[in-house]
Amino acid sequence: MRILGIIFYTVIILAISRIIPHPPNFTPVLAIAVTLPMITNNKFIGTAIPLFAIFLSDILIGFYSYMIWIYLSFIVISLSSYLLLRRFNLLNVTAMSLASCLVFFVVTNFGFWTTGYYGYTFNGLITAYIMAIPFATNTILSTLLYSLLIYFMLKSKERIPAKFQRIFN
């Protein structure tokens, strides 16, 4: 029962992080998609939590034509994190955080291009990627910040003496 509460509150906090005012693409959702599969060693939980959070916030924000590409990018990122990086260490978290930003950038901006906003040409595709660069900066910064924050918080918990561990359990 306790794990369901943790999952519920994680989904709610992630959804709220997308709803409250914030710089564009500066949320912890991608960092959770990267770290949760490594932390839990469970591809279902590691993939489902970020997807539920995005879906919940999309209900409030509104649905959009290319949202399938957002969801697809999160599925690819979470499953890649689970399959490729079984060890939760600083190098893996940092590398996967950066790689996930690249996957998110490529997949979601391709998806945006499919809306036809910049035209259905190769130049339109390149324009879609160029116009997204400012958003990518925030994605990289937030994903690294939150992923490393999660990493160091969990690693610092390991260093707490056993007699104080019950406080965190």
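Need the failing condition index for THR47 against (1) surrounded by fewer than 21 Cβ atoms within 10 Å (Cβ to Cβ); (2) closer than 21 Å to LEU98 by Cα; (3) of a type in the set (Ser, Thr, Tyr), just the number.
THR47 satisfies all of (1) surrounded by fewer than 21 Cβ atoms within 10 Å (Cβ to Cβ); (2) closer than 21 Å to LEU98 by Cα; (3) of a type in the set (Ser, Thr, Tyr) except (1).
When segment 84-117 is examined, which residues are found to be within 24 Å of SER156 (Cβ to Cβ) and either at pLDDT 95 or above or not in a loop (DSSP other than H, G, I, E, B) (or both)?
Matches in segment 84-117: LEU90, LEU91, ASN92, VAL93, THR94, ALA95, MET96, SER97, LEU98, SER100.
Would you say SER81 is closer than 12 Å to LEU30 by Cβ, modelled with pLDDT under 95 and within 15 Å of the chain's Cα centre (by Cα)?
yes
Given the options ILE68, ILE75, ILE49, ILE32, name the one that is within 12 Å of the chain's Cα centre (by Cα), within 30 Å of GLY124 (Cβ to Cβ), assigned to a helix (DSSP H, G or I) and β-branched (Val, Ile, Thr).
Result of the check over ILE68, ILE75, ILE49, ILE32: ILE75.
In segment 43-54, what residues are in contact (Cβ under 8 Å) with a residue 12 or more places away in the chain and either among the basic types (Lys, Arg) or out of contact with any helix residue (DSSP H, G or I) (no Cβ under 8 Å at 6 or more places or on another chain) (or both)?
Residue satisfying the conditions is LYS43 alone.
Taking interchain pairs and intrachain pairs at least six residues apart, which have beta carbon atoms under 6 angstrom, with the first residue in segment 2-29 and at pLDDT 85 or above and surrounded by fewer than 16 Cβ atoms within 10 Å (Cβ to Cβ) and the second outside any loop (DSSP other than H, G, I, E, B) and not hydroxyl-bearing (Ser, Thr, Tyr)?
ILE19/LEU60; PRO23/ASN138; PRO24/PHE135; PRO24/ASN138
Among the residues of segment 56-65, what is the count of those that are assigned to a helix (DSSP H, G or I) and either under 16 Å from the mean Cα position of the chain (by Cα) or in contact (Cβ under 8 Å) with a residue 40 or more places away in the chain (or both)?
Here the count works out to 5.
Would you confirm whether or not segment 115-128 contains a residue that is closer than 25 Å to THR40 by Cβ and either in contact with a Gly (Cβ under 8 Å, 6 or more places away or on another chain) or among the aromatic types (Phe, Trp, Tyr) (or both)?
Initial filter on segment 115-128 (closer than 25 Å to THR40 by Cβ): none.
No - not one qualifying residue is present in segment 115-128.
Could you grab me the full set of residues in segment 107-139 that are of a type in the set (A, V, I, L, M, F, W, C) and either touching a residue at least 12 places away in the same chain (Cβ under 8 Å) or buried (at least 16 other Cβ atoms within 10 Å of the Cβ) (or both)?
Those that are of a type in the set (A, V, I, L, M, F, W, C) and either touching a residue at least 12 places away in the same chain (Cβ under 8 Å) or buried (at least 16 other Cβ atoms within 10 Å of the Cβ) (or both): VAL107, PHE110, PHE112, TRP113, LEU125, ALA128, MET131, ALA132, PHE135, ALA136.
Which of the residues belonging to segment 84-101 are over 12 Å from the mean Cα position of the chain (by Cα) and either on the phi > 0 side of the Ramachandran plot or among the hydroxyl-bearing types (Ser, Thr, Tyr) (or both)?
The one that is over 12 Å from the mean Cα position of the chain (by Cα) and either on the phi > 0 side of the Ramachandran plot or among the hydroxyl-bearing types (Ser, Thr, Tyr) (or both): THR94.
The values are calculated or read from the model by the stated rules, or taken from the named source; none is laboratory data. From a predicted model like this one, the values you see are computed outputs, not experimental measurements. Quick reminder, even Gly has a Cβ in these numbers, built from the backbone with ideal geometry, and neighbours come from all protein chains shown.
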